[in-house]
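The values are calculated or read from the model by the stated rules, or taken from the named source; none is laboratory data. Quantities reported herein were computed from a predicted structural model and do not represent experimental measurements. A quick note on method: Cβ atoms are made from the backbone with ideal geometry, for glycine too, and the neighbour counts reach across all protein chains shown. These area figures cover heavy atoms from the full protein model, side chains too; ligands, DNA and RNA do not enter into them. Shrake-Rupley method; radii C 1.70, N 1.55, O 1.52, S 1.80 Å.
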Amino acid sequence: MSWLHRAKKGVRIQRTAEKKELPEGMWTKCPGCSDIVYRVELDKNLWVCTRCSYHFPLNAHQYVDVLTDAGTFEETFRNITSLDPLNFRDAKEKYRIKLKKTMLRTNLTEAVLTGRARLHGRPIVLGVFDFSFLGGSMGSAVGEKIARAGLDALERHSPLIVLSRSGGARMHESVLSLMQMAKTSAVLAKLHEARVPFISVMSNPTTGGVSASFASLGDVNLAEPHAQIGFAGPRVIRETINQELPPGFQTAEFVQECGFVDLIVSRGEMRSVLHRLLCFLCGSEQEEKMLKPEVEEPPVAEEAPTREADPTPSPPDVLGTPDETTREIGLHGPA
Amino acid sequence: MNRDWLEFERPIVELETKIGELRDLAGTKGMDMTREIESLERQAEKLRGDIYSKLTPWQRVQLARHPRRPYTLDYIEALCEEFTELHGDRLFGDDRAIVGGMGLLAGRQVMVIGHQKGRNTKENLLRNFGMPHPEGYRKALRLMQLAGKFGRPIITFIDTPGAYPGVDAEKRGQSEAIARNLREMVRIAVPIVVVVIGEGGSGGALALAVGDRVLMLENSIYSVISPEGCAAILWGDRAEAPRAAEALKLTATDLDELQLIDRVIQEPNGGAHRDPLAMADVLRDVLGAELESLERTPIDELLENRFQKYLHMGVFADAET
Ligand SMILES: [Zn+2]
């Protein structure tokens, strides 16, 4: 696939301090093929194994680098953080202590990072999960940040992209966490009605309450190769049905086969696929020209209301090349 | 004694059995037992007060799952003058873990939908213990949209351990089915009243529970995970479920305090299963009053209120405000 290679241009992960999730040292063993791979080589390839295409896990900041134009990300709603409303305490410690420790260890304020950025010059609103923060779990603060990002997208008429990487709802906030499923989905209802695009990107893993709310509700649902995607955990299912699970169960490939993921996209292709989708969903520069002929005549074609309502048109020279915008992407399953 | 009774209910049930026997004896033998019976009834009343006024969260969980507790179809039968069940999601099949249909409730045409548990092995096989597959949620949504289209209000009854965790459920998109209901229920342009009658088990409960009014029966529960599941994960032992039940704040009073529901409905002393008809009478009045007030609200306002209600759920820190 030629466009795969082109997509990699200009996408580089900066060596940031948040890379703690990845193994240290010059060399690292690939969990996919067990080969020893050179870290510099991996880094150049967006942490995808060059031998077996295993996708090493990334933290939220690294995903921001993968998904957005360099230097365009502005974080939003960083001030929203978790409390311990239920005074929850498990066998080991209090939730509030766990939160403090996690914040110090990860240098993050919550399990999701939200912000505004550009993708191929086009303004987007973004949410990116970080699994190292309590398994990317969704409590009140995560739900609030996703909801506000959604309302931000609505107000700016910018597409919303959420990259999920989460084990589901956060137990420590019990039913408050559960209600975040309804809350985030309610905001998506508004986007749906206003025809503001929402693209869900499911990374490894996307399960439980995150999978059973906004992450499954994309106008287009994308997934990273081999990502675990599902509602119930494999252990729970095995214990319930008292049988072994079929091979490849709950992988992105399995879920696509079942009809719930439109497209599996490797990390290197992600940005260009997103660009292609946004051109389709929001309109492109070329389309703009075609819809507004120089002759003073009412346009024959359908209006593109989402495009017209966009208060911040994208700069003209950064939108897709003809080559990119006409290339077809095979979408699978019902929308 | 019948194994259907919970451990903490036994002293009361024993006493009540004794009273019953004395009454029978008095009836058949023509003996005057009034004083003995009165005395025992005073004892029973006191015992009921003692036991039911200080139930632990774990005891509430047991009451919410009580094998004698009234289920959705019991309420439908008691509340509706007429009920015609409608089947199927028009996509895959008919999931008997969720029932739905057209009801006539105090002269009002309503769509009634709810999780349905079984009371014996045969019923539970049919109802899958009240744990729906995706086609159940899709049937529910289809019926809700039908009601929306023809302007009939919706009542849902919530009573499920959770959405079924199985291979076929995953294959048919359990996540997508639940998620879609959450998004679409916000938009259905008729009043929706939700009543948690037993177990509100996580996303599988929530998928029928987005509405203008969410009510919980006094001994019902609502949680993100079962106490057993939570105990297994956080305490490494399912036997710690009573402790997890406490930590999860899953009782009706807890949810009311967290402002996640609109009101708690008192149950007859000892729980809904001790007097199902009295419970249904209370419910009929409550539902009638709620629907009446919702029907007076202009639909745009109703929808905006519904949206705002869910938008404001959650407790978090916001450093700027
Ligand atoms: Zn490899």
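Quickly run through the stretch B:187-206 and pick out the residues that are open to solvent by 10 Å² or more (accessible area, probe 1.4 Å), within 9 Å of another protein chain (Cβ to nearest Cβ) and over 16 Å from B:P227 (Cβ atoms).
B:R187
Inspect the stretch A:128-136 for any residue being buried (at least 24 other Cβ atoms within 10 Å of the Cβ), within 14 Å of chain B (Cβ to nearest Cβ) and in contact (Cβ under 8 Å) with a residue 40 or more places away in the chain and give the result as yes or no.
no
Sort through B:P276, B:P227 and tell me the only one that's open to solvent by less than 30 Å² (accessible area, probe 1.4 Å) and over 20 Å from B:V186 (Cβ atoms). Steps first, please.
Values: B:P276 fails: open to solvent by less than 30 Å² (accessible area, probe 1.4 Å).
Matching residue, one of B:P276, B:P227: B:P227.
Given the condition touching a residue at least 12 places away in the same chain (Cβ under 8 Å) and closer than 14 Å to B:D168 by Cα, answer yes or no: does some residue in the stretch A:209-231 qualify?
Scanning the stretch A:209-231 turns up at least one residue that is touching a residue at least 12 places away in the same chain (Cβ under 8 Å) and closer than 14 Å to B:D168 by Cα.
Let me confirm something: among B:E295, B:E257, which residue is out of contact with any strand residue (DSSP E or B) (no Cβ under 7 Å at 6 or more places or on another chain), within 23 Å of B:R152 (Cβ to Cβ) and open to solvent by 30 Å² or more (accessible area, probe 1.4 Å)?
None of the others qualify; the one that does is B:E295.
Of (1) in contact with a helix residue (DSSP H, G or I) (Cβ under 7 Å, 6 or more places away or on another chain); (2) at pLDDT 95 or above; (3) over 21 Å from B:L105 (Cα atoms); (4) open to solvent by less than 40 Å² (accessible area, probe 1.4 Å), B:P268 satisfies all except one. Which?
With (1) in contact with a helix residue (DSSP H, G or I) (Cβ under 7 Å, 6 or more places away or on another chain); (2) at pLDDT 95 or above; (3) over 21 Å from B:L105 (Cα atoms); (4) open to solvent by less than 40 Å² (accessible area, probe 1.4 Å) applied to B:P268, the lone miss is (2).
Given the residues B:F157, B:F129, B:F150, which is the only one that is open to solvent by less than 30 Å² (accessible area, probe 1.4 Å) and of a type in the set (F, W, Y)? Before the answer, list the steps.
On the way: B:F129 fails: open to solvent by less than 30 Å² (accessible area, probe 1.4 Å); B:F150 fails: open to solvent by less than 30 Å² (accessible area, probe 1.4 Å).
So the residue among B:F157, B:F129, B:F150 that is open to solvent by less than 30 Å² (accessible area, probe 1.4 Å) and of a type in the set (F, W, Y) is B:F157.
Restricting to the stretch A:186-239, give me the number of residues that are farther than 19 Å from A:L58 by Cα and surrounded by fewer than 20 Cβ atoms within 10 Å (Cβ to Cβ).
So the answer is 11.
Just the residues that are outside any loop (DSSP other than H, G, I, E, B), more than 22 Å from B:G148 (Cβ to Cβ) and in contact (Cβ under 8 Å) with a residue 12 or more places away in the chain, please, taken from the stretch B:92-132.
Result: B:L126, B:R127, B:N128, B:F129, B:G130.
Residue check: is B:I188 within 30 Å of A:A194 (Cβ to Cβ) and at pLDDT 95 or above?
Judged against the criteria, B:I188 is a match.
Give the number of residues within the stretch B:234-260 that are within 7 Å of chain A (Cβ to nearest Cβ), in a helix (DSSP H, G or I) and over 15 Å from the mean Cα position of the chain (by Cα).
Here the count works out to 2.
Name the residues in the stretch B:212-233 that are of a type in the set (V, I, T) and facing chain A (nearest Cβ under 9 Å), would you?
Those that are of a type in the set (V, I, T) and facing chain A (nearest Cβ under 9 Å): B:V224, B:I225, B:I233.
Kindly evaluate A:L108 against the criterion of being assigned to a helix (DSSP H, G or I) and away from chain B (no Cβ under 13 Å).
no
Quick one: A:S158 ticks every box in (1) crowded, with 24+ Cβ neighbours inside 10 Å; (2) touching a His at 6+ places or on another chain (Cβ under 8 Å); (3) away from every other protein chain (no Cβ under 14 Å) except a single one, so which number is it?
(2)
If I ask for residues that are more than 7 Å from chain B (Cβ to nearest Cβ) and over 20 Å from A:L67 (Cβ atoms), which ones from the stretch A:173-186 would you list?
Matches in the stretch A:173-186: A:E173 only.
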